[in-house]
1. Taking segment 510-532 as the search range and keeping residues that are at pLDDT below 90 and surrounded by fewer than 19 Cβ atoms within 10 Å (Cβ to Cβ), which one is farthest from residue 387 (Cα to Cα)?
2. Identify, by number, the condition in (1) at pLDDT below 95; (2) assigned to a strand (DSSP E or B); (3) not charged (D, E, K, R) that residue 748 doesn't meet.
3. Take residue 753 and tell me if it is without any contact (Cβ under 8 Å) to a residue 40 or more places away in the chain and closer than 19 Å to residue 863 by Cβ.
4. If you scan segment 22-59, which residues turn out to be free of Cβ contacts under 8 Å to residues at least 12 places away in the same chain and either exposed (fewer than 13 other Cβ atoms within 10 Å of the Cβ) or under 21 Å from residue 88 (Cα atoms) (or both)?
5. Which of (1) assigned to a helix (DSSP H, G or I); (2) in contact with a helix residue (DSSP H, G or I) (Cβ under 7 Å, 6 or more places away or on another chain); (3) of a type outside the set (Lys, Arg) is the odd one out, the single condition residue 693 does not satisfy?
6. Go through segment 636-651 residue by residue and tally those that are part of a helix (DSSP H, G or I) and surrounded by 15 or more Cβ atoms within 10 Å (Cβ to Cβ).
7. Sort through 655, 743 and tell me the only one that's under 29 Å from the mean Cα position of the chain (by Cα), outside any helix (DSSP H, G or I) and modelled with pLDDT of 95 or more.
8. Being part of a helix (DSSP H, G or I), crowded, with 19+ Cβ neighbours inside 10 Å and either in contact (Cβ under 8 Å) with a residue 40 or more places away in the chain or not assigned by TED's automatic domain parsing to the domain that holds residue 177 (or both) is the filter here; which residues of segment 130-154 pass it?
Amino acid sequence: MSRTVSDLEEFPLLLSDPIAAAKLYNVEFLRTAGVWFPEGVFYEDTYFSTVAGCLARGITVITEPVYRWMWESDGASITGRTGELRSIRDRIAVHRATDAFLLERGLWSLKVRKDSKFLSHDLRLYMRALAEGDAAFEQGFAATVSAYLFSVSDEAFELCGPVDRVRAYFLMYQETEAALTTLDYAQRKSVFSSYLVEEDGRVYWSGDHLHLPDARRLLDVTELGLAAAPVSQVPLFAQLNSWQVEGTKLTFDGELVNRFGRITADDTISLSLAVRNRHTKRDVVVPIPKVSVDERFVTFEGSADLVRVLGDDLSEATVWNVSVVVEWNRSRSRSALNVRDIDLDGLHFTREDEEFEGYRTVSGNLAFRSATASRRTFEAEQSDPNAPWMWWRDRIHPPIRQLTHRFELAVVVPCYNVAKYLDDCLASIAAQRGFAATQVILVDDGATDETPRMLDHFARFYANVTVVHQRNGGLGNARNTGLDQVSAPYVTFLDSDDILGEDALAAMLEAARRDGSEVVMGDLVNFPDRPYGPWKEYFGDGDRVFHDFADAPDMIFSGSACNKLFSTRLLRRLGLRFGEGVHFEDAWLTLPAMLRANSLSLVDRPVYYYRGRPDGSSIMDSLWSKPANYVDHLRLNHFLLNYSAEERPEIRRMFHRYATRTYKGFLCNARNVMGRTQLAEMFADLHRHYAQIPDDVIVEFVTSPAQQLDHYAAKSGNFELFCDPEPALAAAPLRLELDDDGFYRTFAGGVRPSTTARVKDPNVVVESVRARDDVLVVEGCMAFPGVDLSGPMDNRLELVYQTRHSKVTVPLTQVYRRDLWNARNGRDLYAGWHAELPAEVLADSGFGVGDLRLRVHLADGSRHRNVVMKARLALHRLKGPGRVGPYRYMLTIAAQDALHLRLVASGPAARVRHALWRAGRELRILKTRNPGWRMRFAYWLTYPFLNSKEIWLIGERSDTAQDNSYHFFKWIRQNRKRRKAYYVIDGASADRAKVAPYGRVLTLGSFKHRVYLLHATKLIGSYDSESYLVPRATRRRSSCIASANWSSTSGCSFSTASPTTM
């Protein structure tokens, strides 16, 4: 397959491949155009390739591989020497030269694409070196990168993913430690070491850096979905702070990052140190006795006997990983213990005359190992003689001069240029139990290295080995050639760089005979030690038999032929062959065979070790970058969907799930790899593919709004929406459709309906509840995931007040909110809302407790859906008793920010009952010590003395007295001395001396500050008063008196509280 484009502007994706190799240039063009490599620097290819691509009069791209880049693990290549300052300096020097060329020619869009790659790819390469480098390297790196990043456009930042954008932003301001938190996130599977904060429905990577310019835009990571992620799914970041070893006793202390401050000091939380033997997968758990909680951290101290926690398996190859197990709020999570910034020299002990040591893993976490086991390179670890995949050493079968057994099974091994790994592969066959009765068919697929000679040499020793030499035909063709040679009743397949497990062939053959199964499947293990696929869930409970493929629906995701034994008769009866000339060739044979087999036996042991490639030459390492892969997998899925089309519903659903899950990444990445012409060529097949798959199956695997939009476009046949979704989104009406599963959107165009563009229930928060005469005014904001509320919605909206016995509704009006638009990066201009509940309408619902809900009607009014509203932090200042018309009410906020409104009848008896209920409620809270009970108790103790004082708290940032707040406080103290106004500032701040002469200064976080905050009627601040006038340890607690802000023309913000806040 090939494609010709005019230049880089037509196909800017070529910028992502700046290497000059693997390209053929016209020499006359290079000389005439003056295209040259810059001298004296590394990364010269970037400049050369960009200039050549821009000046060329035509570029032809072919998809066949023409070049293999070999990773130099010894650091000979500059690419691998990221710990040298010259590496980043040369890289940026070349980028500056490239920028000058692009800007001189007016190619701004290409510069943006190039810069985006620098932010998302190039900078990421240096993060580990930055974490491990010394102070001189860190300072030099930060200065070099920062200067260049200030020349990078906002458009380039916007093209990046949220984590890449955050990393680049921190480096721009030389916040190196903050930038390294993105490394923690990448290495620890979405575990956050940063100080995440949530404000106005948006989540920001670091609350410590929101004062920096444009921070709220560039640190916004709301799209990662962290606010709703429970601790059990996204564990807390755990850091070891110090350690000490005496004999075999380890004493330690550390901290967990308290994400969003959700764990409070009053919560029940328990921590344990878990040490897991990587080989046996067993834990030894030691409780951690000392645990304390504040808003930012959960700190812990404990000790452990190292001899006990390491257990009895003490082989040299064993590694023990250390984690902290957190049990909180009826959930359990495990966090690897990070030691990136901790010196581990001396962390060792001796047991039974053998020394063990603690060390830092490549992910920066604590682990233990035998002190004789040094850090290994990728390939050295693969060749570790004590590793489980090296079981075959010293067990090779002696030569077999003639055949004395019938073949019981066959092994087909396609071979192409794998001399480096071939000995391990062949040895694992020759060491198998029952090898003499095994037919071994080695297919030389036109190899050009030492492979053919090695195969022939091996076959000379064993009469049961056949070598077939052929012209190169690809992996599928070579396997089919070998399959044609099979005479044994069973056959399995082995790639020539991988290794069979110990007794793998005998174990699978025994299972086939015992169970009468036509397919046997064993465990496939990536080495060194990586996870692999959802089908793994079926292992760990012993051998078993599945008589119906539908009894193991996730088994379909194991498409490899290499960890399976097939009945030869089954394959020939069905006429099954491997796909030829395509990638993903296994599934053409494997999945139909599993479907048609009389039964499937599972052998619960590793039968196959799949080798990771350090040079990235595996197909899985380049999965998304080759257009041919997109076509190949689509062809495979069409074949499988057609093959299963007449099966019963549960089988069809399995194949629908397979097609959806395996092709999701291709569909959502297609625009980044192919141009409009290529997309148009394959779109009809894409539409035909997804037209066969039910919407609910697609939604099961496709959860983000952007991915759902891509699938909606493919399913509905809307090519324009698929090719360029932004114009369609901008032109689409703000109208939600509704079915039994919730909301979804539709778009103009397409040829068939679909409900795959789902919209999750909105986040609706109440910010203010206040009485105006006989009307209760309720205001707040909302956010529909994936929908930009750029104007009023076509759907009719209502506010529902619902009690146990009845419900009433009033119109809810969307409100223009520029503050939300700014906070949400130019989105949701009409995300505010306003509703009015007359007292008589409230009374119609009956007296008692109720909640507030948003009701969204279909445009035609035929059905609706209610969504419960939540309280925003600011609403805590307005909760408590109030009066609307003739009725009293009580506004309370329960767990999970649930908002309750209790309306009290106007009669004396009702008021007495309400007073008794309220008194009982306060006593229950104090007695059960619910979160915030201490503040509540302090409030009532000080109520007679402070509540009527009309207290104002004034401040700005916790350590400054220099802005409008300071001058306002100074003016009050000089001109309105009787006003109970107090300035809040950190006790260690240098600016405290500026305000001290005026008196009435409160130390941030002091007892007096906390008590006065409980009774304050106004919070006045130059900035966000919720962030700076509230003690850090209580900002996220429901008992904290947060603020409801509005901005004045002076630049101060004022917060007003109801007289009674509890």
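1. Result: 532.
2. Every condition holds for residue 748 apart from (2).
3. Spelling it out, residue 753 is indeed without any contact (Cβ under 8 Å) to a residue 40 or more places away in the chain and closer than 19 Å to residue 863 by Cβ.
4. Of the residues in segment 22-59, the ones free of Cβ contacts under 8 Å to residues at least 12 places away in the same chain are 24, 26-28, 31-32, 34, 39-40.
Scanning segment 22-59 gives 24, 27, 28, 31, 32, 34, 39, 40.
5. All conditions pass for residue 693, except number (1).
6. Keep residues of segment 636-651 that are part of a helix (DSSP H, G or I), which gives 636-643, 649-651.
Narrowing the set further to residues that are surrounded by 15 or more Cβ atoms within 10 Å (Cβ to Cβ) leaves 636-641, 643, 651.
Of the residues in that region, 8 qualify.
7. Working: 655 fails: outside any helix (DSSP H, G or I).
The match here is 743.
8. Residues of segment 130-154 that are part of a helix (DSSP H, G or I), as a first pass: 130-132, 135-149, 154.
Right, trim to crowded, with 19+ Cβ neighbours inside 10 Å and you get 130, 141-142, 145, 148-149.
Matches in segment 130-154: 130, 141, 145, 148.
The values are calculated or read from the model by the stated rules, or taken from the named source; none is laboratory data. Everything numeric here is computed off the predicted structure, so don't read it as measured data. When we count neighbours, we look across all protein chains shown, and the Cβ atoms used for this are built from the backbone with ideal geometry, even at glycine.
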